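For reference, the structure is listed below as structure tokens.
The values are calculated or read from the model by the stated rules, or taken from the named source; none is laboratory data. Predicted model only: the values in this text are computed from it and were never measured. So basically every Cβ, Gly included, is an ideal-geometry build from the backbone, and we count neighbours across all protein chains shown.
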Amino acid sequence: MGSFSDFLADPFDFLAGWLQGHLLLPMLWHLGLSAWEDVSYGWALVALYGVAQVGITLALSMPAERLWPLERWAKAESVGTDIFYTLLNRIGLLPLVSFVLFYAVQTWMNGFLTDRGIVPPTIERALPFLLGHPILTLLVYLVILDFAEYWRHRLSHRFYWWYALHSLHHAQRQMTFWSDDRNHLLDDFVSAIWFGIVALLIGVPPLQFPMLVLTVRILESFSHANTRVHFGWLGERLLISPRFHRAHHSIKAAGMRSCNYGATLPWWDMLFRTADFGREYIRTGDPSAEEALHTGSYVQQQAAGVRRLVKALRPRRSNKAARA
């Protein structure tokens, strides 16, 4: 059993080891799932990162929403569903799935390449000046992954079938910092594959992968906050603020063509001319979405997303006939 000094040295590692030894391993052995022993520590670590991320998000976003709110609602029942999305994505099942898949694929890929005399790809091999500079390497990872996320997000608005799933995220008329994880499971699956492939190509270590995701999500969550807070002329050109991202969620921007697609950095919107730094606050939502996507329960929203996807995949002639 670790000492208090071990906890102070690395509290996440200490607590993840404690959870693995006292909770996860006994449960896995009892259920006959000892084959999952190797990944149980990783899941515990990812879940703890998720708890910390939710805590930091609450500490940043809740005061901003309480002190400088943009909108006030008499009732905000739909926000409760968004809270469930957040806990599922940050702490529950999805961190386990994403870590296990990424770890398994990277282990297989590195073994496959090594057996054939090929050195697995890493960002340090492409940029040797990063060797011995872990903080700088982490920042480069973040910039590359943010660039990839910009294009994933932009493409999700360009393909009708993809936006059919992504529209669940845009349907929220009472957007708060909890709304960041309000996504369809299929959309999350596509996003995870996209993000994972890029991370594999630049050689992100397995245990750094979830940490990178959760670090980025802190600012992403804050950018959805129901607050008038902004970063000023210069700050909004360095990091995405709630005002900048709200333009992307406005009812005027809902649909196939929008603006402000960036996740944490506005640089790509500025570079590819999709940035809108306007100061007008517009209410959020997607008028084209059925009511279940707005105010339904988690299951109802997922089902509504599938219905919209099926409709989007129908031949155009059938869609025209249905509208007629």
For this session: Determine whether region 310-324 contains at least one residue that is at pLDDT 95 or above and of a type in the set (D, E, K, R).
Result: no
Problem set entry | Scope region 48-78; condition surrounded by 14 or more Cβ atoms within 10 Å (Cβ to Cβ), outside any helix (DSSP H, G or I) and in contact with a helix residue (DSSP H, G or I) (Cβ under 9 Å, 6 or more places away or on another chain); matching residues | Leu70
For this session: Looking only at region 301-313, decide whether some residue is out of contact with any His (no Cβ under 9 Å at 6 or more places or on another chain) and in a loop (DSSP other than H, G, I, E, B).
Result: no
Exercise. Name the helices (runs of 4 or more DSSP H) wholly within region 228-300 that hold at least 2 residues that are in contact (Cβ under 8 Å) with a residue 24 or more places away in the chain and surrounded by 15 or more Cβ atoms within 10 Å (Cβ to Cβ)?
Worked result: 242-249, 267-271, 291-295
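Yes/no per residue for (1) over 30 Å from Met270 (Cβ atoms); (2) small (Gly, Ala, Ser); (3) more than 14 Å from the chain's Cα centre (by Cα):
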residue: Leu87; (1), (2), (3): yes, no, no
residue: Phe102; (1), (2), (3): yes, no, yes
residue: Gln106; (1), (2), (3): yes, no, yes
residue: Asn110; (1), (2), (3): yes, no, yes
residue: Gly117; (1), (2), (3): yes, yes, yes
residue: Leu127; (1), (2), (3): no, no, yes
residue: His133; (1), (2), (3): no, no, yes
For this session: Can you give me the number of residues within region 204-247 that are under 24 Å from Leu130 (Cα atoms) and touching a Lys or Arg at 6+ places or on another chain (Cβ under 8 Å)?
Result: 1
Problem set entry | Ser288, sole failed condition from (1) within 22 Å of the chain's Cα centre (by Cα); (2) within 13 Å of His170 (Cβ to Cβ) | (1)
Seminar exercise, completed: Turns out the helices (runs of 4 or more DSSP H) fully within region 118-191 with at least 1 residues that are over 20 Å from Ser258 (Cβ atoms) and at pLDDT 90 or above are 134-156
Seminar exercise, completed: Taking region 260-294 and keeping residues of a type outside the set (Gly, Ala, Ser) and in contact with an Asp or Glu (Cβ under 7 Å, 6 or more places away or on another chain) leaves Asn260, Tyr261, Thr264, Leu265, Pro266, Phe277
Exercise. Of the residues that make up region 38-53, is at least one under 20 Å from Val213 (Cα atoms), modelled with pLDDT of 80 or more, among the polar types (S, T, N, Q) and within 26 Å of the chain's Cα centre (by Cα)?
Worked result: yes
